[in-house]
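Written below as structure tokens is the structure these notes are about.
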Amino acid sequence: MILALGRVELKLLLRNKTAAGIAVVTPLLIGSLLLGNGPEDWTFTITVQLVLMLGFTVYMTVTTSLVARRQDLYLKRLRTGEASDTTVVVGLLAPIALLGLVQTALLLGMSTAAGAPLPQRPLLLVLAVVGGVAMCCAVGVATTAITSTAELGQITTAPFFFTLFGGAVWTLVADPVDLRMLALPGGQVAELVKAAWGGPTDNVLTAAAVLVAWTAVGYGLATRAFRWEPRS
């Protein structure tokens, strides 16, 4: 059931030119532009690529696509079928999460081809990517509670998106890194990526714990506030 819902959702997503542009084209375009001048700090470049993927491909797409499905009553129709509520939501999120993972592989491949070194601690990179995708999925579902239309999603997603990006950049340029930076979404992703490419590991456990906490908060808000029918 989840696979069937995922296939349908992926077709609907790619059929919508605006959604497909945000989810597919924008992160890859920006990611390729970051490679244009042969960056000296590959950790900074790769982190920005990953954070933009999380923001555009995962977070914004989750919010706008779920709101669009709710507005055309697709969610309501799915809920009257045999699938449970959890199965429906997971089925709709799965192709977006998969798309984010595929884009991560493409961006890392582009960076490696341009001269970036391979991560020294690849498991930390996996934790950053998978944890970041889970966090952005959870918060994206929660954001639908304050988003009445898919068009409004460009506004309602802005605060978390810019906090995600700003937290990552702040963590990348700060020395030393403290809990204020790691507490912001994006900060812990940046810290894990830095550690993956040979940076200090002092804050790895804290970063992982904060990433799990953000995911849990997003999940909690989503389960309480998610609406299956259009908002007035």
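Figures for the structure shown
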quantity: Residues LEU106 and THR206, FRET efficiency given R0 of 25 Å [Cβ-Cβ distance, rounded to 0.05]; calculated: 0.25
quantity: LEU29/TRP170 FRET efficiency (R0 22 Å; Cβ-Cβ; nearest 0.05); calculated: 0.35
quantity: Compactness index (Cα Rg / 2.2 N^0.38 Å), region 120-232; calculated: 1.15
quantity: Simple label model, 7 Å out from Cα along Cβ direction - LEU3 to LEU179, nm; calculated: 4.6 nm
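Coordinate-derived values only; no laboratory data. Model, not experiment: these values are computed from the prediction. Note that we place each Cβ from the backbone using ideal geometry, even for glycine, and neighbour counts take in every protein chain shown.
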